[in-house]
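S.K.: I'd like to ask some things about the structure below.
The values are calculated or read from the model by the stated rules, or taken from the named source; none is laboratory data. In this text, all values refer to a predicted model and were calculated from it rather than measured experimentally. Note that we place each Cβ from the backbone using ideal geometry, even for glycine, and neighbour counts take in every protein chain shown. Protein only, heavy atoms only, side chains kept; ligands, DNA and RNA dropped before computing areas. Shrake-Rupley method; radii C 1.70, N 1.55, O 1.52, S 1.80 Å.
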Amino acid sequence: MPRVFINAAFHNIRFKFGRCGTCCHHKRPEAFGDLVPLERLNEFWEKSNLIYLTHEDIDNISGETGLDPSDFVDTLYRYDGKSVHVDDSGKRIILDFPVMKSKKDTTCVFYDNGCTIYSLRPKACRLFPFRVDEKTNAQGDITLDLSYNQSCPGIGKGKIADKKELERLVYEQFQQRSESVAAEVRILAQEGKIQRDARIYRSHPGRKLNTELIP
């Protein structure tokens, strides 16, 4: 069982939310196709800015707004509540984590001179401008590097960020997602749909707007 460490690379950072909308613009780097191999994941994190959604986020937004998840969720495969898919006769495991859908101007679908679902905003939005980069060592242990976006206008203002609360949110997100993925992989393996030498990829959902999704 891999160990998980959280590394917060900052001390006494002040932050004040200014409702500027900077974090509501999503970057989907064209240098990457629909699938991102794990060996390029760190590079992908550095160049992208996507709002990842938990199943809880999706249920909350859908339940309160009455919207179908397809109205605001981007995934490579059609969203069905699952995040693990297999391709190429079981040789590829694709982790297709849902992200917030964007408009043509790259803003979040819920952005209109400000967040229109502020009280329902996803955990990833609550964390911003703090971000998490996952790194795995040769032993399989995982480090969650917690950093912040230095270009955010709110950095250096307001109250000192509660690092312990940020670490709690990060670990909670990671644990929920890991448990969900492990359960899905276990079922697919039991069904014989995953080959032993299968490679793992992360999806790059929503890269091309207004194109048909993979069924």
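S.K.: Anything in region 94-109 that is open to solvent by 20 Å² or more (accessible area, probe 1.4 Å) and within 17 Å of the chain's Cα centre (by Cα)? List them, or say none.
M.R.: Within region 94-109, LEU95, LYS101, THR106, VAL109 meet the criteria.
S.K.: Which one is nearest to ALA8 (Cα to Cα) among residues in region 163-185 that are of a type in the set (Ser, Thr, Tyr) and open to solvent by 40 Å² or more (accessible area, probe 1.4 Å)?
M.R.: TYR171
S.K.: Quick one: count up the residues across region 14-31 that are over 18 Å from THR106 (Cα atoms) and buried (at least 17 other Cβ atoms within 10 Å of the Cβ).
M.R.: Residues that pass the stated criteria total 1.
S.K.: Given (1) surrounded by 13 or more Cβ atoms within 10 Å (Cβ to Cβ); (2) of a type in the set (Asp, Glu); (3) more than 21 Å from the chain's Cα centre (by Cα), where does GLU191 come up short, assuming only one miss?
M.R.: (1)
S.K.: Right, VAL132: at pLDDT 80 or above, farther than 16 Å from THR22 by Cα and not in a helix (DSSP H, G or I) or not?
M.R.: It is true that VAL132 is at pLDDT 80 or above, farther than 16 Å from THR22 by Cα and not in a helix (DSSP H, G or I).
S.K.: Between residues in region 12-26 that are touching a residue at least 12 places away in the same chain (Cβ under 8 Å) and farther than 23 Å from GLU165 by Cα and residues that are part of a strand (DSSP E or B) and open to solvent by less than 100 Å² (accessible area, probe 1.4 Å), which pairs lie under 6 Å by C-beta distance while being six or more apart or on different chains?
M.R.: HIS25/THR107; HIS26/ASN49; HIS26/SER102
S.K.: Next question. Go through region 99-125 and give me each residue that's within 21 Å of PRO205 (Cα to Cα) and not in a strand (DSSP E or B).
M.R.: LYS101, LYS103, LYS104, ASP105, THR106, VAL109, PHE110, ARG121, PRO122, LYS123, ALA124, CYS125
S.K.: Ok, one more. Residue by residue through region 32-67, note down the ones that are within 21 Å of VAL86 (Cα to Cα) and open to solvent by 40 Å² or more (accessible area, probe 1.4 Å).
M.R.: ASP34, LEU35, LEU38, GLU39, ARG40, TYR52, HIS55
S.K.: Please verify whether region 205-212 includes one or more residues that are modelled with pLDDT under 85 and buried (at least 16 other Cβ atoms within 10 Å of the Cβ).
M.R.: Yes: region 205-212 contains one or more residues that are modelled with pLDDT under 85 and buried (at least 16 other Cβ atoms within 10 Å of the Cβ).
S.K.: Of the residues that sit in region 150-162 and are in contact (Cβ under 8 Å) with a residue 24 or more places away in the chain and open to solvent by 50 Å² or more (accessible area, probe 1.4 Å), which one is nearest to PHE5 (Cα to Cα)?
M.R.: Applying the filter and picking the extreme gives ILE160.
S.K.: Restricting to region 6-56, what's the tally of residues that are within 18 Å of the chain's Cα centre (by Cα), not basic (Lys, Arg) and not in a strand (DSSP E or B)?
M.R.: Final tally of qualifying residues: 24.
S.K.: May I pose another question? In region 44-66, is there at least one residue being closer than 26 Å to LYS91 by Cα, in contact (Cβ under 8 Å) with a residue 40 or more places away in the chain and touching a Leu at 6+ places or on another chain (Cβ under 7 Å)?
M.R.: No: zero hits.
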